[in-house]
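Quick notes on the structure that follows.
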Amino acid sequence: MEKQIKWNNKNIFYEVSGSGPAIVLIHGFLENHHIWDELILQCKEKYKLIAIDLPGFGKSSVYGKVHTMEFMADAVKAVMENENTEKGILIGHSMGGYVTVAFTEKYQDAVSGIVFFHSQVAADTPEGRENRKRAIEIAISQHADYITKFIPSLFAPENINKFSDRISQLRKQSIEAPKEGVVAALAGMAERIDGKELLKNIHIPVFFVVGKQDSRISLDEIMRQMSLPKNTEAIILDHVGHMGFIEAPEKIFPVLESFCERIYQ
Ligand code: MLT
């Protein structure tokens, strides 16, 4: 069911499916809640799935020039409260994982498990922040062109032709989203804090989904981060980039389901 809440005088849109223990789905940069459609279909018999459009994406409002990860985390909390959901497993794709880090910093008692779906916990390096500034300029001056080039780079090179229809669909959907939301997310990601200490100290089970051909996340760095939590599991896949829910759902979804089942048993 599609729903909307008034939050900070504007609108946050989300979709709720199924019933049972909660799983909260948080999309990445340039995406909206629909990236989770297949996972929702697979899991809705057993779980209540709450898939959110983060501020500035999908049908949710743009709030300002910078959407920090903490601000986005507060929007996620507001949706959970509206659903009377005290606790859930948070699955965050890429930027959605950064939001999950911010959420866990603030609302640890509301987190039963964390899935970093092609995501990680380090802050941007100084070079990364400079790149964000350049990305902001390009996103403002050449919005459609920026998105057209960005989307295919998220896939393993060998998958670009195979998923050309999905790439076109994602491009179209991202180009339709307001460029102010894109810029606010880029600025927010540049400001995010490092989550390595958090990861070391939490007792919450953590799962990493990793693509060996992910151009956005270094495999060496993610391997270091995986050893930080007390309770980590991971799936590391060859021929997968940054978009495992499209590139290899048949391999990823069953292991995620089993991770969730063990948390809620
Ligand atoms: C994402 O897919 O959400 C972004 O690539 C994350 C980032 O730019 O750090």
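The values are calculated or read from the model by the stated rules, or taken from the named source; none is laboratory data. Here the structure is a predicted model, which is why all the values come from computation and not from measurement. All Cβ positions, glycine included, derive from the backbone under ideal geometry; neighbour counts span all protein chains shown.
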Cross-chain or 6+ apart pairs with Cβ under 7 Å, segment 27-44 first and farther than 14 Å from residue 166 by Cβ and of a type outside the set (Asp, Glu), then near the ligand (Cβ under 8 Å from one of its atoms) and at pLDDT below 95:
none
Could you check how many residues of segment 95-145 are buried (at least 17 other Cβ atoms within 10 Å of the Cβ), farther than 16 Å from residue 185 by Cα and either of a type in the set (Gly, Ala, Ser) or within 12 Å of the ligand (Cβ to nearest atom) (or both)?
9
State whether the residues of segment 140-158 include one that is farther than 26 Å from residue 226 by Cα and among the small types (Gly, Ala, Ser).
yes
Flagged in segment 20-39 as in contact with a Lys or Arg (Cβ under 8 Å, 6 or more places away or on another chain) and either at pLDDT below 95 or not small (Gly, Ala, Ser) (or both), in numbering order, are 21, 23, 32
Just to be sure before I move on: is residue 73 among the small types (Gly, Ala, Ser), modelled with pLDDT of 95 or more and crowded, with 18+ Cβ neighbours inside 10 Å in the structure I sent?
yes
Over 23 Å from residue 124 (Cα atoms), at pLDDT below 95 and surrounded by fewer than 20 Cβ atoms within 10 Å (Cβ to Cβ): is that true of residue 157 in this structure?
no
For segment 1-83, list the strands (runs of 3 or more DSSP E) that sit wholly inside it and hold at least 3 residues that are over 28 Å from residue 258 (Cβ atoms); which are they?
2-7, 10-17
